[in-house]
Amino acid sequence: MSVTRFRASCPDCRVTAELDALAFRLALGRTAERTFYSFTCPACGSAVRKHAGARIIDALTGAGVPTMKLHVGT
Ligand SMILES: [Zn+2]
């Protein structure tokens, strides 16, 4: 069984890396504008956070990426 991999680019060092789904985190906000995915760049170690559209959310959750909800208690 293979783990789904995603390509992600780092805005700091501009490397495009291919990472396991489990290297990503998905933060679900109350609205799409507040929903982000994040990963640590394997090249420079920078913590990258990017806006996640519906298509990305579907792909990441379908691949088993851990999610956390940001709007608990609101
Ligand atoms: Zn980087």
Open item on the list: I'd like the full set of residues that are under 21 Å from Ser2 (Cβ atoms) and without any contact (Cβ under 8 Å) to a residue 40 or more places away in the chain, limited to region 12-61.
Closed with: Thr16, Ala17, Glu18, Leu19, Asp20, Ala23, Tyr37, Phe39, Pro42, Ile56, Asp58, Thr61
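Go through the residues of region 15-38 one by one and say whether even a single one is within 16 Å of the ligand (Cβ to nearest atom), surrounded by 15 or more Cβ atoms within 10 Å (Cβ to Cβ) and not in a strand (DSSP E or B). I'd like the intermediate steps shown before the answer.
So the first thing to find is which residues in region 15-38 are within 16 Å of the ligand (Cβ to nearest atom), and the list is 15-19, 23-24, 37-38.
When the remaining residues are screened for being surrounded by 15 or more Cβ atoms within 10 Å (Cβ to Cβ), the result is 17, 19, 23-24, 37-38.
If we keep only those that are not in a strand (DSSP E or B) as well, we get 23-24.
Yes, the conditions are met somewhere in region 15-38.
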Open item on the list: Residues that are surrounded by 12 or more Cβ atoms within 10 Å (Cβ to Cβ), free of Cβ contacts under 8 Å to residues at least 60 places away in the same chain and away from the ligand (no atom under 16 Å from the Cβ): does region 1-9 have at least one?
Closed with: yes
Task: region 48-66, residues that are under 11 Å from the mean Cα position of the chain (by Cα), among the small types (Gly, Ala, Ser) and loosely packed, with under 13 Cβ neighbours inside 10 Å - done: Gly53
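Here, each number is a calculation from the coordinates, and none is a lab measurement. From a predicted model like this one, the values you see are computed outputs, not experimental measurements. As a convention, Cβ positions derive from the backbone with ideal geometry for all residues, glycine included, and neighbour counts pool all protein chains shown.
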